[in-house]
Amino acid sequence: MSPKTLYDKIWDAHLAHEAEDGTALLYIDRHLVHEVTSPQAFEGLRMANRPVHAPDKTIAVPDHNVPTTEDRVNGIDNEESRIQVDALDKNAKDFGIHYYPVSDVRQGIVHIVGPEQGWTLPGMTVVCGDSHTATHGAFGALAHGIGTSEVEHVLATQTLIQKKSKNMKVEITGKLRPGVTAKDITLSVIGETGTAGGTGYVIEYCGEAIRDLSMEGRMTVCNMAIEGGARAGLIAPDDVTYDYVKGRPHAPKGAQWEAALTWWKTLYSDDDAHWDKVITIKGEDIAPVVTWGTSPEDVLPITASVPAPEDFKGGKVDAAKRALDYMGLTPGQALSEIEIDTVFIGSCTNGRIEDLRAAAAILKGKKIKDGMRAMVVPGSGLVRAQAEEEGLADIFKEAGFEWRMAGCSMCLAMNPDQLSEGERCASTSNRNFEGRQGFKGRTHLVSPAMAAAAAVTGHLTDVREMM
Amino acid sequence: MEKFQKLTGTAAPMPLVNIDTDMIIPKVFLKSIQRTGFGKNLFDEMRYNRDGSEIPDFVLNKPQYRNAEIIVAGDNFGCGSSREHAPWALKDFGIKCVISTSFADIFYNNCFKNGILPIVLPQEDVDKLMDDANRGANATLTVDLENQTIQGPDGGSIAFEVDAFKKHCLIEGLDDIDLTLAKKASIDTFEAEAAQARPWV
Ligand code: SF4
């Protein structure tokens, strides 16, 4: 048998049909659904009088535009958001799919709920009408975002029409230095490859620094594979993965667990497998980073200065000019001197328990800067409950943070949590696009520890100075 | 789905790189549960002032580009989210073809599902078409999907590649779900085998 990558193995195990030209029908093991990209898909099913093919493999949760204030139990004020959430309530019921409504403690961001409930398992194919589905690749699952037409296609057929991507290996060797986190790894990779560097590829992240990460950290890394342009990011499963999965509500049990484990242990890239592209970064070369511009590739170590447009080539010169203008920054300015109005800790990138622990470790016994708006939005109701149990919530509240209910919140600002014009935010989310966190809002992407540090000092800060 | 065969229309130049889905359709407009009506908010934040008045400098607000059906764009067009509202907004506005050196993966796929043809070309061809597009309504492009060519105003012709299956679906206006349901027997067989091999799924 010819040697295979992990991606090849998962792909081959899910081929329901393959045409001569390589167009494949890929079978989908888990389909995750949220309120923003699914209403038109369910409407399409109704119009064609089609059922959901595999309701048992379909899981829905509202997250993108739910309010994150505690009074949300009384209903959603914004009419359009309410219509979308109501539509999901109804569609979940009418089509008989698994559902975690806003009132359920297990509700949260779809990419946090899936793994937490054991829906995401190694070797699976997982899709969702959301680009950050890449998150689930941390389990060694082939996971990627799809559009609404494809959501409808998966609902109706449990398959996806696909062409195979190429294989790319991103290896992070050695150990990380203190203060450097999974977020810094994933941003640094994008800084290296650019936002289109992964286009056409599925990335497998490997190397000692990746192996050393917890599942939470691995999810952070894979989450942003999409910002690097890749179809999906993958990390081969190992004991860290199995320990995380074991005992979760929908994970296999007993003899099935043993059978699953036997298969999972075959899920790695063979030594002599073929890679179409390889990138190697030394773990020790990665610093805590921040973004300065309006693309996730605009990333630099916190010790650097704002670049000048002339530092770039081609179309990027104009893009950098536009970005600096939008961000209100001057070339040469030290990144660590940029003053911040708002701090957002949350999202499917950094809304898990470990992220909250990292931020709380910096905040313990400190206060946020006067006038700072700071917010923690746990990724799920269960993360929130655990953080309360561990005393993290008290640390955040005493420091001056708002302690919110679970959802996407200010990651994309579809709910009331938004930046106002010109407001500058240190954010643990994944996108710094123009207007992403509110019209004319300015976003600097950072790790949770860096976000906490900025909340205390009032400017972007090298977290290593506070450790 | 509407068929795409041959298109002759005005091309609007948008040389900016990394035009993302938040620029194409900001999320405040994602709250509809319909597929139509997004065209008026296409490129909303680049196209309108806060008071709703048009920004005259924005390309699609200029008289010669108001009826553009083609966009010639900078690298990595459509990066960002999976929102199909982006192609829905382009379509609703009247854009049927986007030409660039590269597209984000999900956006690229989403275009085909909505009768929009995304064309990937080498930098020098995009540069040439960008020049043509800069000449406004005097310079229409003709995109011929059957023969995979783009004809510029000066008569030159540029060839492009497209996946054969995607091309077929676009030309015939085929519905993917019908095509797949025709292979239901394969799906059923796969499911039966997978239930044996991986019963925990
Ligand atoms: S947290 Fe942000 S990136 Fe993640 S699913 Fe929600 S909106 Fe998308």
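The values are calculated or read from the model by the stated rules, or taken from the named source; none is laboratory data. This is a predicted model, so every value here is computed, not measured. Positions of Cβ are generated from backbone atoms using ideal geometry, with glycine treated the same way; all protein chains shown enter the neighbour counts. Areas reflect the complete protein model, heavy atoms only, side chains present, ligands, DNA and RNA absent. Shrake-Rupley method; radii C 1.70, N 1.55, O 1.52, S 1.80 Å.
A few points about this structure:
- Count of residues meeting criterion [more than 20 Å from the chain's Cα centre (by Cα) and assigned to a loop (DSSP other than H, G, I, E, B)] in segment A:168-202: 6
- Residue in segment B:154-161 that is in contact with a strand residue (DSSP E or B) (Cβ under 9 Å, 6 or more places away or on another chain) and assigned to a helix (DSSP H, G or I) present: no
- Among the residues of segment A:238-277, those that are closer than 29 Å to A:Thr199 by Cβ and of a type in the set (Gly, Ala, Ser) comprise A:Ser269, A:Ala273.
- Qualifying residue in segment B:120-129 (condition: within 14 Å of chain A (Cβ to nearest Cβ) and touching a residue at least 40 places away in the same chain (Cβ under 8 Å)): yes
- Residue match in segment B:172-183 (condition: touching a helix residue (DSSP H, G or I) at 6+ places or on another chain (Cβ under 8 Å), touching a residue at least 24 places away in the same chain (Cβ under 8 Å) and open to solvent by 20 Å² or more (accessible area, probe 1.4 Å)): yes
- Number of residues in segment B:1-39 that are within 7 Å of another protein chain (Cβ to nearest Cβ), among the β-branched types (Val, Ile, Thr) and surrounded by fewer than 20 Cβ atoms within 10 Å (Cβ to Cβ) equals 1.
- Top-ranked residue in segment A:50-99 [being open to solvent by less than 50 Å² (accessible area, probe 1.4 Å), farther than 30 Å from B:Leu181 by Cα and out of contact with any strand residue (DSSP E or B) (no Cβ under 8 Å at 6 or more places or on another chain); ranked as nearest to the ligand (Cβ to nearest atom)]: A:His64
- Subset of segment B:187-201 that is open to solvent by less than 30 Å² (accessible area, probe 1.4 Å) and over 13 Å from A:Met124 (Cα atoms) - its residue that is farthest from the chain's Cα centre (by Cα): B:Phe190
- Residues satisfying the criterion are absent from segment A:311-326 (criterion: in a loop (DSSP other than H, G, I, E, B) and in contact (Cβ under 8 Å) with a residue 60 or more places away in the chain).
Table: residues versus (1) at pLDDT below 95; (2) under 17 Å from the mean Cα position of the chain (by Cα); (3) closer than 26 Å to A:His132 by Cβ; (4) in a helix (DSSP H, G or I).
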| residue | (1), (2), (3), (4) |
| --- | --- |
| B:Trp88 | no, yes, yes, yes |
| B:Ile95 | no, yes, no, no |
| B:Pro118 | no, yes, yes, no |
| B:Asp125 | no, no, no, yes |
| B:Met130 | no, yes, no, yes |
| B:Thr142 | no, yes, no, no |
| B:Ile150 | no, yes, no, no |
| B:Lys167 | no, yes, no, yes |
| B:Asp178 | yes, no, no, yes |
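- Here A:Ala48 passes the criteria (1) of a type in the set (Gly, Ala, Ser); (2) within 10 Å of another protein chain (Cβ to nearest Cβ); (3) within 20 Å of the chain's Cα centre (by Cα) except the one numbered (3).
- Any hit, segment A:180-187, residues being surrounded by fewer than 23 Cβ atoms within 10 Å (Cβ to Cβ) and out of contact with any Cys (no Cβ under 8 Å at 6 or more places or on another chain): no
- Complete set of residues in segment B:154-170 that are away from every other protein chain (no Cβ under 11 Å) and loosely packed, with under 15 Cβ neighbours inside 10 Å: B:Asp154, B:Gly155, B:Gly156, B:Ser157, B:Ala159, B:Glu161
- Segment A:238-269, residues that are crowded, with 20+ Cβ neighbours inside 10 Å, more than 14 Å from chain B (Cβ to nearest Cβ) and outside any helix (DSSP H, G or I): A:Ser269
- Residues that are among the hydrophobic types (A, V, I, L, M, F, W, C) and open to solvent by 60 Å² or more (accessible area, probe 1.4 Å) are absent from segment A:285-295 altogether.
- Any chance A:Gly422 is away from the ligand (no atom under 16 Å from the Cβ) and more than 21 Å from A:Lys364 (Cα to Cα): yes
- Among the residues examined, A:Thr148 qualifies as under 26 Å from B:Phe165 (Cβ atoms) and within 11 Å of another protein chain (Cβ to nearest Cβ).
- Residues of segment A:132-154 classified as away from the ligand (no atom under 16 Å from the Cβ) and not small (Gly, Ala, Ser), total: 6
- Listed by position, the strands (runs of 3 or more DSSP E) inside segment A:329-445 whose residues that are buried (at least 23 other Cβ atoms within 10 Å of the Cβ) and of a type outside the set (A, V, I, L, M, F, W, C) number at least 1 are A:342-346, A:424-427, A:442-445.
- Test: residue in segment A:280-292 that is in a helix (DSSP H, G or I), closer than 15 Å to A:Glu192 by Cα, away from the ligand (no atom under 16 Å from the Cβ) and without any contact (Cβ under 8 Å) to a residue 24 or more places away in the chain: yes
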